[in-house]
1. What is the one condition in (1) at pLDDT below 95; (2) within 16 Å of the chain's Cα centre (by Cα); (3) surrounded by fewer than 15 Cβ atoms within 10 Å (Cβ to Cβ) that Tyr145 does not satisfy?
2. Those residues that are open to solvent by less than 50 Å² (accessible area, probe 1.4 Å), out of contact with any Cys (no Cβ under 6 Å at 6 or more places or on another chain) and touching a residue at least 24 places away in the same chain (Cβ under 8 Å), I need them from the range 158-185; list them, please.
3. List, please: which pairs have Cβ atoms under 6 Å, are six or more places apart or on different chains, and start with a residue in the range 109-123 that is surrounded by 22 or more Cβ atoms within 10 Å (Cβ to Cβ) and end with one that is not in a helix (DSSP H, G or I)?
4. Grab the helices (runs of 4 or more DSSP H) fully contained in the range 1-113, keeping just those with 1 or more residues being modelled with pLDDT under 95, of a type in the set (S, T, N, Q) and more than 16 Å from Asp153 (Cα to Cα).
5. Of the conditions (1) buried (at least 21 other Cβ atoms within 10 Å of the Cβ); (2) under 26 Å from Leu9 (Cα atoms), Ser191 satisfies every one except a single condition; which number is it?
6. Output yes when any residue across the range 141-160 is among the small types (Gly, Ala, Ser) and assigned to a helix (DSSP H, G or I), and no when none is.
Amino acid sequence: MSALPRATLVALLFGALTVAMAAPWSLHPASRVVTDNPDTHLFLWTLGWDAHAFTTAPLRIFDANIYHPLPNTLAYSENLIGSALLAAPVIWLTGDLVLALNLVLLVSCALCGVGAYVLGRALGLGRSAALVCGLVFAFAPTRFYRMSQLHLDAVQWMPFCLAFLHRYLDAGRPRDLRLAIAAFTLQALTSGHGAVMLAVAL
């Protein structure tokens, strides 16, 4: 079996498990939120603002439409720009912020599993052991306890960054270092909390 089909199979496995583990909420992504609270409303607004700013004034994305006339108000909280890269096409096509938020949460969960699998393989583990790593990182109870908090749940780029850094340290390939830097950048744009945790891990 070639690497691409195997990677696709792993991604499909974690995608299917994510939907199953998050049911029944995951079966109604356009009509339900995990928790209807102020944090959820903030995330919906932030993703909506980011998607709007991407197409209207991307270089002024931090000048959000709150707390006028203060500048850079998006920086007062998590900016979710990395998550908005996934959410924006959904918002542009459907206008449905709830669907966009839920799909980002589900995709981030599945990517956590794939990333931990990739990290396990980079550390020299066999496929079965790497799958266990993915299962633990993607589906630990604490993830589902925090599923309504996008800024804490979207930590999917952490294991990818660590995996590519390990590969760079093992083989010295500049490409792996560039991928590690890209994954760190994506994590920082996705979650400031996650970026701090990743910096400590690095």
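1. Going through the list (1) at pLDDT below 95; (2) within 16 Å of the chain's Cα centre (by Cα); (3) surrounded by fewer than 15 Cβ atoms within 10 Å (Cβ to Cβ), Tyr145 breaks only (2).
2. Met158, Pro159, Phe160, Cys161, Leu162, Ala163, Phe164, Leu165
3. These pairs meet every condition: Leu111/Gln156; Cys112/Gln156; Gly115/Gln156.
4. Qualifying helices (runs of 4 or more DSSP H): 3-21.
5. Condition not satisfied by Ser191: (2).
6. Of the residues in the range 141-160, the ones among the small types (Gly, Ala, Ser) are 148, 154.
From what's left, assigned to a helix (DSSP H, G or I): none.
Checked against the condition, which is being among the small types (Gly, Ala, Ser) and assigned to a helix (DSSP H, G or I), the range 141-160 yields no hits at all.
The values are calculated or read from the model by the stated rules, or taken from the named source; none is laboratory data. All of these numbers come straight from a predicted model, not from anything done at the bench. Note that we place each Cβ from the backbone using ideal geometry, even for glycine, and neighbour counts take in every protein chain shown. Just the protein is used for accessible areas: all its heavy atoms, side chains included, with ligands, DNA and RNA removed. Shrake-Rupley method; radii C 1.70, N 1.55, O 1.52, S 1.80 Å.
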